[in-house]
C-alpha cells in the first residue's frame, strides 16, 4: 500500500464516511460560518440537520473533534495529492506543477472548510492542533524535498534557498482564501494555471524552461488532469 492510500478516502476527498456524518459536517460548516464556533451548540447542530445527539456522538466525541475533522479534511486532501504527485511523475518540475494545481484547487473544493479553519482555528484543542500541524509539516517537507531535488537535477535555480522558495509558494497560494470567489472572473483552473506560470517561470532554469515550454504555454483546459 502506498503511503497516500492511508490518507485517501473512498470518495477521494477524506476518510470513508457515512451519509449522516457528512450531513453533520456540512450543517456545522454553515452554522460555524454564521455564528462562530462558540455560538453553536451540539443541540443547534443536531436540530439543524434533523438527527439526534446520539447520532452526533456516534460520529464525533465532541464539538471539538468535529472542528478538527473539518480542518483535517482539506489538509488531508492536499497531502494525499502531494504524495500522488511524487509517486506519479518522475521529474521535480511535473511533481511541483501537480502539487500547485491541487493546492490551488482545494480553495474551491473545500471553500467552506477553509473559511471555518481561518475563522475558528484558534479554538482547536492542543491534541487536535498537534495532529493538524504534523500534516502541515509533512506537506511543507514534500515541497522542500521536491525543490531540493529539482535543484540537484538542474531543473530549478540553485541560487534560490529551498525553504524560502517553498514558504513563498505556500504563502502565495494560501492567500487565495482571502479573495477567491466561485462566481469570480476566473475559474479555479485558470487561477491554478496563473500560479503555475508565476512559480515555475520564477524557479526553473533556462534549460528547464525550454524543456517544459509546452506545459507552461498550454491553456488550462488543455493541460493534463493534475
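The values are calculated or read from the model by the stated rules, or taken from the named source; none is laboratory data. Note that the structure is a prediction, hence the values are computed from the model and not measured. For neighbour counting, all protein chains shown are included, and Cβ atoms are generated from backbone atoms with ideal geometry for every residue, glycine included.
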Notebook entry, point to check: How many residues are over 19 Å from residue 204 (Cβ atoms) and either touching a strand residue (DSSP E or B) at 6+ places or on another chain (Cβ under 9 Å) or not in a helix (DSSP H, G or I) (or both) when one looks only at region 56-102?
Noted result: 3
Check: Would you call residue 195 under 17 Å from the mean Cα position of the chain (by Cα) and under 20 Å from residue 74 (Cβ atoms)?
Finding: yes
Margin query: Whether any residue in region 190-197 is at pLDDT 90 or above and in a strand (DSSP E or B) is what I want to check.
Written below: no
Next item on the list: Select from region 39-52 the residues that are in a helix (DSSP H, G or I) and either in contact with a strand residue (DSSP E or B) (Cβ under 6 Å, 6 or more places away or on another chain) or farther than 13 Å from residue 23 by Cβ (or both) and list them in ascending order.
Entry: 39, 42, 43, 44
Next item on the list: Return the total of residues in region 43-74 being surrounded by fewer than 17 Cβ atoms within 10 Å (Cβ to Cβ) and in contact (Cβ under 8 Å) with a residue 40 or more places away in the chain.
Entry: 2
Margin query: If a residue must be surrounded by 16 or more Cβ atoms within 10 Å (Cβ to Cβ) and not in a helix (DSSP H, G or I), how many such residues does region 108-131 contain?
Written below: 2
Item checked: Residue among 199, 169, 188 that is touching a helix residue (DSSP H, G or I) at 6+ places or on another chain (Cβ under 7 Å) and closer than 13 Å to residue 107 by Cα -> 188
Notebook entry, point to check: Among the residues of region 1-38 satisfying the criterion of being farther than 22 Å from residue 116 by Cα and part of a helix (DSSP H, G or I), which is modelled with the highest pLDDT?
Noted result: 3
Checklist line | Tally of residues being surrounded by 12 or more Cβ atoms within 10 Å (Cβ to Cβ) and over 17 Å from residue 212 (Cα atoms) across region 147-160 | finding: 2
Next item on the list: Considering (1) over 19 Å from residue 193 (Cα atoms); (2) out of contact with any helix residue (DSSP H, G or I) (no Cβ under 7 Å at 6 or more places or on another chain), say which one residue 72 fails and leave the rest.
Entry: (2)
Next item on the list: Go through 186, 134, 178, 105 for me and flag whichever is at pLDDT 90 or above, surrounded by fewer than 16 Cβ atoms within 10 Å (Cβ to Cβ) and in a helix (DSSP H, G or I).
Entry: 134
